[in-house]
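Heads up: the structure comes next, in structure tokens.
Nothing in this text is a laboratory measurement; each read-out follows from the coordinates by a stated rule. Because the structure is a prediction, the values reported are computed rather than measured. Heads up, the Cβs are rebuilt from the backbone with ideal geometry, glycines too, and the neighbour counts pull from every protein chain shown.
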Amino acid sequence: MDNNDICGLLKGVDLFSELTEEQLGLLANLVVVQDFNRDETVVLEGDCSMKALYLIASGTVQVYMTGVDGRETILSFLERGDFFGEMSLIDGEPRSASVRTVTDAQLMIIHSEPFLTLIRQTPEIAMSLLSEMCKRLRKANKQIGSLSTMSVSGRVAGTLLNLMEERGMRIHTDNGQMVTVIHNRPTQQQLADMSGTTRETVSRICSMLVKANAIAMTGKDIVIFDENALQEKATKG
Ligand code: CMP
């Protein structure tokens, strides 16, 4: 992969959308591109050995934390154009969470020092970084609020609404109904890890939502027919 190819990949990263061609060219010299298989751990919670920032050129990763009982809580899925690993670079603390690939993925890796220099020299990057970190903090606040105050069915409904907001596609069905489709849906275990419950409970709640015609689940997708029914569950708690 040559410098031009890497520049092409860097253009797909929101964080660098304000950079000029020349700046992208310089940045491309600092980037190492690495392929990962599905289910590989890229960053381990608590680790302080390798300080680098990761940019996703292709594929999906999940950010998660592991409890003392070994149960995982999924904080987020990140996709092409997203980044992770910035927190330890900025505050010098160990990794705050683990990150694992959920598909084959291609990642661009930038080591700490050149990245920190870039942030200091380019206020636009610092602002983009802050803006993304605010977005993640808002989402985390919502998650904390829902874990401590909502019933489990409210939390599952809230998870489905979040997924819908983040990556739902609005389409018309053959009979003219407007629905939202979440492609490449999370597994029931992943939905459970996002909602702070077990796979069996997610399965039971999803069956209820299917029976009530609020959603449909296929092998690959979730179709949301009745957003209001989910909103009602998520706000009633
Ligand atoms: P770092 O702490 O260096 O390593 C783990 C990374 O996971 C972290 O940087 C962030 O990039 C990412 N991360 C941590 N918490 C969240 C969250 N709540 N939402 C999205 N990404 C997160």
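Numerical summary
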{"item": "Given charges at Cβ of Lys, Arg, Asp, Glu: region 151-236 dipole, positive-most of Ser195, Thr235, His172", "result": "Ser195"}
{"item": "Which of Pro123, Pro186, Ile224, positive extreme of dipole for the chain (C-beta unit charges)", "result": "Ile224"}
{"item": "Residue order, fewest to most surrounding Cβ atoms within 10 angstrom, among Val61, Val223, Val99", "result": "Val223, Val99, Val61"}
{"item": "Cβ-derived FRET efficiency at R0 35 Å, Gln231 paired with Asp104, nearest 0.05", "result": "0.50"}
{"item": "Those residues of region 35-63 whose amide nitrogen sits under 16 Å from the label point placed on Leu147, 7 Å along Cα→Cβ", "result": "45-46, 63"}
{"item": "Sorted largest first, extent of region 47-181 alpha carbons per principal axis (Å)", "result": "55, 38, 29"}
{"item": "Spatial separation of Cα centroids for region 53-126 and region 1-42, in angstrom", "result": "14 Å"}
{"item": "Helical segments meeting 15 Å axial Cα length and Kyte-Doolittle -0.5 threshold in the chain (DSSP H)", "result": "123-149, 152-167, 199-211"}
{"item": "Relative contact order of the chain, defined on C-alpha pairs under 8 angstrom at six or more residues apart (%)", "result": "18 percent"}
{"item": "Alpha carbon Rg of the chain, scaled by the compact-globule rule 2.2 N^0.38 Å", "result": "1.10"}
{"item": "Most mobile listed residue (Thr201, Thr20, Thr101) in the chain, GNM with C-alpha springs under 10 Å", "result": "Thr20"}
{"item": "Rg/Rh (Cα only; Kirkwood hydrodynamic radius) as it applies to region 72-145", "result": "0.96"}
{"item": "For the chain, calculated [θ]222 nm from helices alone, where every DSSP H run of n ≥ 4 adds -39500 (n - 2.57)", "result": "-14000 deg cm²/dmol"}
{"item": "Calculated FRET efficiency for the pair Asp174/Thr41, C-beta based, R₀ 45 Å, to 0.05", "result": "0.55"}
{"item": "Debye equation applied to the C-alpha atoms of region 113-237, log10 I(q)/I(0) at 0.20 Å⁻¹", "result": "-1.08"}
{"item": "Straight-distance crosslink candidates among aspartates and glutamates, where the alpha carbon sits under 16 Å from Lys135 and sequence neighbours closer than 8 are dropped", "result": "Asp14, Glu79, Asp82, Glu86, Glu165, Glu166"}
{"item": "Taking Ile222, Ile90, Ile109 and counting other C-beta atoms within 10 Å, the order from fewest to most", "result": "Ile90, Ile109, Ile222"}
